[in-house]
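S.K.: The structure follows.
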Amino acid sequence: MDKKTLFKVLAISSLIISVSVWIPNVIFQVASPFWVITFIIAPVGIVAAALIKNYWLIVSNTLMLFSFFILMFSRISERLLNKK
């Protein structure tokens with residue numbers, strides 16, 4: 001396996017792992033601490049995607065890196081808008 005394929009598999013795997021650790025929290029509404037893994041795995045995916053210059057993987061892994069802040073902001077604003 002050449003380096004380009006290895007980095008692509010690493011970037012895609014980190015994206016899949018980052019998305020899958022949010023499933024219990026977002027879909028099933030079960031408090032799971034596994035979302036913290038996104039702070040470790042997503043930067044690895046960003047670096048791997050940057051090494052092969054795959055911009056879609058860079059953007060998607062970057063979104064997963066900041067997914068905690070994105071989701072928390074959306075939940076807070078949702079609660080504020082529904083408050084009467």
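S.K.: With Rg and Dmax of the Cα atoms in Å in mind, check (1) 15.0, 58; (2) 15.9, 50; (3) 13.8, 43 and report the label derived from this structure.
M.R.: (1)
S.K.: Using a simple spin-label model with points 7 Å from Cα along the Cα→Cβ vector, what separation in nm is obtained for Thr62 and Asp2?
M.R.: 2.7
S.K.: Using a probe radius of 1.4 Å on heavy atoms only, what accessible surface per residue do you get for the chain? Whole Å² is fine.
M.R.: 74
S.K.: Given a 1.4 angstrom probe, I'd like the percentage of the accessible area of the chain that is carbon and sulfur, rounded to a whole number.
M.R.: After summing per-atom areas, the C and S share lands at 76 percent.
The values are calculated or read from the model by the stated rules, or taken from the named source; none is laboratory data. Owing to the predicted nature of the structure, the values given are computational and were not obtained by experimental measurement. Every residue, glycine among them, receives a Cβ derived from its backbone with ideal geometry; neighbour counts consider all protein chains shown. Ligands, DNA and RNA are stripped out before the accessible areas are found, and what is left, the full protein with its side chains, is counted by its heavy atoms. Shrake-Rupley method; radii C 1.70, N 1.55, O 1.52, S 1.80 Å.
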